[in-house]
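Below is one structure, written out as structure tokens, with a few remarks after it.
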Amino acid sequence: MSTNVARVLVCLEEVGAEYEVVNIDFQAKEHKSAEHLARNPFGQIPAFQDGDVVLFESRAISKYIIRKYKSAGEAADLLREGDLREAAMVDVWTEVEAHQYNPALSPVVYECLIYPAMRGVPTNQKVVDESLEKLRKVLDVYEARLSKHTYLAGDSVSFADLNHFPFTFYFMATPHASLFDSYPHVKAWWERLVARPSMKKLGATMAAAAAGIKQA
Amino acid sequence: MAPLKLYGMPLSPNVVRVATVLNEKGLDFEIIPVDLTTGAHKQPDFLALNPFGQIPALVDGDEVLYESRAINRYIATKYASSGAALLPATPSAKLEVWLEVESHHFYPNASPLVFQLVFRPLFGGAPDPVVVDKHAHELAKVLDVYEAHLAQNKYLAGDQFTLADANHASYLLYLTKTPKAGLVNDRPHVKAWWEDIAARPAFQKTAAALPLPPPPSA
């Protein structure tokens, strides 16, 4: 399952929204069809529709969903928009996920899982090693942060934490998962996240999808 | 009110991204130099501001922030009633989409292009033609999408200039000073949008403050 689709699904699950997933057939180049380009002019997934509202970019879609379901209890606080400082912290760590964490971690996922499974391409160990080196430095910062706060933006879970789920979930299926053992607060944070019902449910779907791809 | 402190090199496009918004808001700020060429960004006193060791960082009283887009949203929110309104009163999904488009489509291509074509020569190096060609090719496809969108929308989020447009300004400024300016100028709606941004008094102030070397004599 696409990591960016999973990013949105986590938010949908967290707010308890009713939704359906409509498959886009990449093999049949459906993502480049006129119909899909009308939803996402970059020809990517996810795209999203809620009545007349059509959106793309997974983080923008996720924010729309969180704001729409604002009154739904804990979901109200995922963006912390009622408090300037807390909202700023959510934004900072959401940007950190996008521009520091993901660029270091995702190449390992691509090289160890996605390229071999989907393109039959062997792992480029040089890329993996360079990425792991970058990731260690990023995790040093996360370890310091999570030694002081239960979650990235403060003491309760936020959009910033949720954004880390999809790629980290797949990272844990690579041979390098044990890297997190060197960062006890990061590891504990991750374990808190994946204990959430939304992530248990999605994790099961993602693992099944991955198993399906390997067999194909 | 004490001026806000923007830490970084005045020419850095990510620093200029923040200066753009500070000026749109009419806020008093000073740029505190962090000299990347001496490794100042990896020293403990800067790491105390941004543990990832990158510029910019912003200090506003007790608030310390990093990541230029997070800084910009904070400024636009806190100082909503000051200067230009960069965020609408009720959140706009379309604005969020185009903020993300800048971050994930425009910037990943504009940034290496500007680095190769503007900054490498500034530091005595030469652009890498392979990197330039790759990112120019990708940015052309991205800007085709912008061209179609701006044919239907005056600004990225609709009728009004917003944070989504402001976040593009620094890289557009640099890009249009390079041999790849055609990426912008050959697309009529993208060009008109850029010229509109460039004509804004606040942006003219931002651009004028850049310590750019004079262009080479013809």
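The values are calculated or read from the model by the stated rules, or taken from the named source; none is laboratory data. All of these numbers come straight from a predicted model, not from anything done at the bench. Positions of Cβ are generated from backbone atoms using ideal geometry, with glycine treated the same way; all protein chains shown enter the neighbour counts. For accessibility, only protein heavy atoms count, side chains too; no ligands or nucleic acids. Shrake-Rupley method; radii C 1.70, N 1.55, O 1.52, S 1.80 Å.
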Residue B:102 neighbourhood, Cβ < 14 Å, K/R = +1, D/E = -1, net charge -1
Those residues in the range A:30-68 that give up at least 20 Å² of accessible surface, probe 1.4 Å, once the partner protein chains are present instead of the chain by itself are A:41, A:42, A:55, A:56, A:57, A:59, A:60, A:63, A:67
Regression test value, accessible area per residue of chain A, probe 1.4 Å, units Å², expected 47
A 1.4 Å probe over the protein heavy atoms gives the range A:84-214 a carbon and sulfur accessible-area percentage of 57
Projected onto their principal axes, the Cα atoms of the range B:4-79 stretch, largest extent first, over whole-Å spans of 33, 24, 18
In the range B:126-161, accessible area falls by at least 30 Å² from chain alone to full assembly (1.4 Å probe) for B:145
Any helix of chain B counts here only if DSSP assigns it H throughout, its Cα atoms span 20 Å or more along the axis, and its mean Kyte-Doolittle hydropathy is at least -0.5, and such helices are B:129-152
Given A:4-11, B:176-183, the highest-first ranking by average Cβ count within 10 Å works out to A:4-11, B:176-183
Yeah, the range A:1-156 with a ≥ b ≥ c from its alpha-carbon gyration tensor (a/c under 1.5 is rounded, else prolate when a/b outruns b/c, oblate otherwise) is oblate
FRET efficiency for residue A:173 and residue A:140 from the Cβ-Cβ distance with R0 = 22 Å, rounded to 0.05, comes out at 0.40
Between chains B and A, total accessible area buried, probe 1.4 Å, no ligands or nucleic acids, nearest 100 Å², roughly 2500
Links exceeding 26 Å between C-alpha atoms in this model, out of A:32/B:134; A:68/A:148; A:68/A:187, come to A:68/A:148; A:68/A:187
Rounded to a whole %, the carbon-and-sulfur portion of the accessible area of the range A:3-72 at a 1.4 Å probe is 47
Under the 7 Å Cα-to-Cβ spin-label approximation, residue A:37 and residue B:40 lie apart by a distance in nanometres of 4.8
Buried by partner chains in the range B:97-123 (accessible area down by at least 30 Å² vs chain alone, 1.4 Å probe, heavy atoms, protein only) are B:97, B:100, B:104, B:105
Exposed GluC sites (Glu not before Pro) being those in a DSSP loop with at most 16 other Cβ atoms within 10 Å, the longest stretch of chain A free of them is A:21-216
Note to self, chain A gives a 222 nm [θ] from helices alone (DSSP H runs n ≥ 4, -39500 (n - 2.57) apiece, / all residues, nearest 500) of -16500 deg cm²/dmol
Output for the range B:101-191: chymotrypsin sites (Phe, Trp or Tyr not before Pro) sitting in coil per DSSP, at most 15 other Cβ within 10 Å, listed by number, reads B:123
Asserting the computed 222 nm helical MRE of chain B (DSSP H runs at least 4 long, -39500 (n - 2.57) per run, divided by residue count, to nearest 500) equals -13500 deg cm²/dmol
With a Förster distance of 25 angstrom and the Cβ-Cβ distance between residue B:59 and residue B:122, calculated FRET efficiency to the nearest 0.05 equals 0.40
The size of the Cβ-based charge dipole (Lys, Arg +1; Asp, Glu -1) of the protein assembly as shown about the Cα centre, to the nearest 20 debye, is 480
Cβ-Cβ cut-off under 15 Å around residue B:132, Lys and Arg +1, Asp and Glu -1: the net charge is +1
Residue separation between residue A:150 and residue A:49 times 0.36 nm, minus their alpha-carbon distance, gives in nm 33.0 nm
For the range B:125-218, the accessible surface attributable to carbon and sulfur atoms (probe 1.4 angstrom, ligands and nucleic acids excluded) amounts in percent to 56
Of B:37, B:77, B:206, the most mobile residue in a GNM of chain B (C-alpha springs, cutoff 10 Å) is B:37
So the FRET efficiency between residue A:125 and residue A:188, C-beta based with R0 = 30 Å and rounded to 0.05, is 0.50
Computed over the range B:59-218, protein heavy atoms only, probe 1.4 angstrom, the accessible area per residue in square angstrom equals 44
Listed by chain and number, the lysines with an alpha carbon less than 19 angstrom from that of residue B:154, same-chain partners under 8 positions apart left out, are B:94, B:191
To the nearest 20 debye, the range B:39-146 has a Cα-centred charge dipole, built from +1 on Lys and Arg Cβ and -1 on Asp and Glu Cβ, of 120
